[in-house]
Structures are given as C-alpha cells and as structure tokens.
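Below: one structure, written as structure tokens.
Laboratory data are not the source of any read-out in this text; all were calculated from the coordinates shown. Everything quoted here is computed from the prediction, not taken from an experiment. Please note: Cβ atoms are built from the backbone with ideal geometry, for glycine as well, and neighbour counts cover all protein chains shown.
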C-alpha cells in the first residue's frame with residue numbers, strides 16, 4: 001500500500017493512500033498530467049485522479065519494499 005504526497009504552489013499538501021497505477025502522460029502539445037488511482041480514507045471509495053503537472057510543485061511517492 002503506497003502513499004503519495006502532492007505539494008501545491010500555495011504550500012499546501014494533499015496525501016493519498018493505497019496509490020496504484022501512478023504515471024505521467026501527455027495531455028497536449030507541451031503539457032503532462034500525473035494520473036493515479038487511490039483509496040479515499042474518509043469515504044472508503046476507490047477513485048481515479050488526474051493533476052496537470054504544471055499546477056503542482058512536486059510529489060513524493062512511497063517506494064515499494
């Protein structure tokens with residue numbers, strides 16, 4: 001079960017649990033998106049998420065092991 005933290009330009013962070021299928025993909029001529037699947041902690045619902053890479057400052061994905 002991998003966790004993912006995303007940093008926003010505002011300094012805020014978002015944490016996602018049980019992250020699967022994390023990948024970067026092109027979404028236009030010169031843009032990339034970060035796409036993944038995660039389990040909502042408060043809802044218990046599995047969801048897909050997509051973020052434009054140019055709107056986030058960075059991320060940290062837990063390594064398997």
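Details
- Considering only alpha-carbon pairs that sit under 8 angstrom and 6 or more positions apart, the relative contact order computed for the chain is 36 percent.
- Remark: the residue 51-residue 13 segment gains 12.3 nm on full extension, using 0.36 nm per residue and subtracting the alpha carbon distance.
- Working ranking of peptides 20-29, 52-61 by packing, defined as the average number of other Cβ atoms within 10 Å per residue, highest first, is 52-61, 20-29.
- Note on residue 22 and residue 5: the extension gain reaches 4.9 nm, defined as 0.36 nm multiplied by sequence separation minus the Cα-Cα distance.
- Tail beyond 13 Å, pair distance distribution of the chain (Cα, percent): 64 percent
- Here the simple spin-label model places points 7 Å from the Cα toward Cβ, and for residue 30 and residue 42 these points are separated by 3.8 nm.
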